[in-house]
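Accompanying notes for the structure given below.
The values are calculated or read from the model by the stated rules, or taken from the named source; none is laboratory data. Model, not experiment: these values are computed from the prediction. Backbone-built Cβ (ideal geometry, glycine too); neighbour counts: all protein chains shown. Ligands, DNA and RNA are excluded from the accessible area calculation, which covers all protein heavy atoms including side chains. Shrake-Rupley method; radii C 1.70, N 1.55, O 1.52, S 1.80 Å.
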Amino acid sequence: MRKVVGLLMLLYSFGFAAYLEELKWPKGETFLTFLEKNGLPPSIYYSLEREDQELAAEIVAGVRYHVLRSEDHSLEQVLIPIGEELQMHLKKGADTFVMEIIPIVYQSEDLVLSLDIQHSPHSDIIKKTNNHALANEFSSSFRGGVNVRSLQKGDRLVVLYHQKRRLGKQFGTINIDVSMIETGKKEHYVFYYQESYYDAAGKELENFLLANPVNYTRISSPFSTKRLHPILKTYRAHLGIDYAARVGTPVKSAGSGKVVFVGNKGGYGKTIEVSHDSSYKTLYAHLNGFAKGLSRGKSVKQGQLIGYVGNTGLSSGPHLHFGLYRNNTAINPASVVKIAKNSLGGKELKAFLAYSEGLKQKAHNALTQKHSFVVEENFEYAHSLDKKML
Ligand SMILES: [Zn+2]
């Protein structure tokens, strides 16, 4: 219902003859080829600022984007998400199309799911919610080491999580606050804390550790998913970390995995992408060149030379742009690049225990509830859609 209201509002603001299409970004499509396909001048891309051109290289194949067409089917506006916070907004101006980066308007939902385990947590969550992302995230929350063996019929699971909804549909990553499995009257908890999973005693469980990809002189630009320029009032994002280093400095794979991309990638210039397991991927951009023999499909070890720092693509100076993606969503590499798991102690542990106690109580209470339900919803969304946002 909310979705229908939203769409009607959009159509209303453009006259009823205009119509909205939801499409999936095709594999191999770039912002440039998209412009070309739609008969738009490439100057739209080339006149963008450096950072915006870099962002255009972040469009993910398969992402849902929206096109508004007028009565005669000609393109009026296009909205393409870049990450989870911002989107490219292409719209018809007085004589040509213009592009701006604007925030994604979404609704945030806090949810609780509580159910009997019939088969396995993963398949039961899918059966109940049809939400594969949630099932995967629940499984990975337990992957790091909380030992839950020999599940039996009648055991239960509880998960407190939040997700985003855009135009009525779920989008972006699932964020779990606490996962719990009750088996044999014992409750096993996993908490999400400081961008990682911890057990109830404050021991870090996440076992994906990355090595530094380069010996750098300084971080020339940190990670951000949404930043408002204080004077220009424009939005920007930087979906990776820039490490300043001399041209030719060796670039090493931050983890073991498989090379999934070697080549030119728009504003990123010479780029390598390495997939580490089903959920993590790293990206190395603005390279000067690639290591000998490196090609798509090759396996690489953590610390293995894969390329050299350069200044290719749209780069303000020699640096490595290092990106980290979890389920195709950019996350801050600084939260994962470390050498050992963390065990909280002292003040930190105290703060963690205080934080986790409330969640534990909530999850425990949910054990007696039979169904998933929405705890809190932000209904502002439906009213905030306006002409500017489409
Ligand atoms: Zn960068």
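Odds and ends about this structure:
- For residue 185, the aspartates and glutamates whose Cα falls under 15 Å of its own Cα, not counting residues fewer than eight places away in the same chain, are 116, 155.
- Max mean-square fluctuation residue, GNM over the chain, Cα-Cα springs under 10 Å, options 363, 57, 201: 201
- The figure for residue 259 is an accessible area of roughly 0 square angstrom, using a 1.4 Å probe on the protein chains alone.
- Computed on the chain, with alpha-carbon pairs under 8 angstrom and 6+ residues apart, the relative contact order is 18 percent.
- Rounded, prolate or oblate (a/c below 1.5 giving rounded, otherwise prolate when a/b exceeds b/c) for the chain by Cα gyration tensor: oblate
- The length gained on full extension between residue 170 and residue 311, counted as 0.36 nm times the residue separation minus their Cα-Cα distance, comes to 47.0 nm.
- Between residue 187 and residue 108, the distance separating the two model label sites (each 7 Å from Cα on the Cα→Cβ line) works out to 2.5 nm.
- Between residue 234 and residue 292, the distance separating the two model label sites (each 7 Å from Cα on the Cα→Cβ line) works out to 4.4 nm.
- Tensor-based shape of region 81-124 (alpha-carbon gyration tensor, a/c under 1.5 rounded, otherwise prolate or oblate): prolate
- For region 119-202, the relative contact order works out to 23 percent when only alpha carbon pairs closer than 8 Å and six or more residues apart are counted.
- Efficiency of FRET from Cβ geometry, residue 367 and residue 19, R₀ 56 Å, rounded to 0.05: 0.75
- Only aspartates and glutamates eight or more places from residue 169 in sequence, or on another chain, were considered; those with a Cα closer than 12 Å are 22, 109.
- Subtracting the Cα-Cα distance of residue 348 and residue 219 from 0.36 nm times their residue separation leaves 43.8 nm of extension gain.
- Shape category assigned to region 294-336 from the gyration tensor of Cα positions, a/c cut at 1.5: oblate
- Checking the Cα-Cα distances for 153/186; 37/164; 203/281; 24/258 against a 21 Å cut-off, the pairs over it are 37/164; 203/281; 24/258.
- Solvent-accessible area, 1.4 Å probe, carbon plus sulfur percent, for the chain: 53
- All aspartates and glutamates inside 16 Å of residue 265 as judged from Cα atoms, apart from same-chain residues fewer than 8 positions distant: 29, 51, 52, 54, 58, 273
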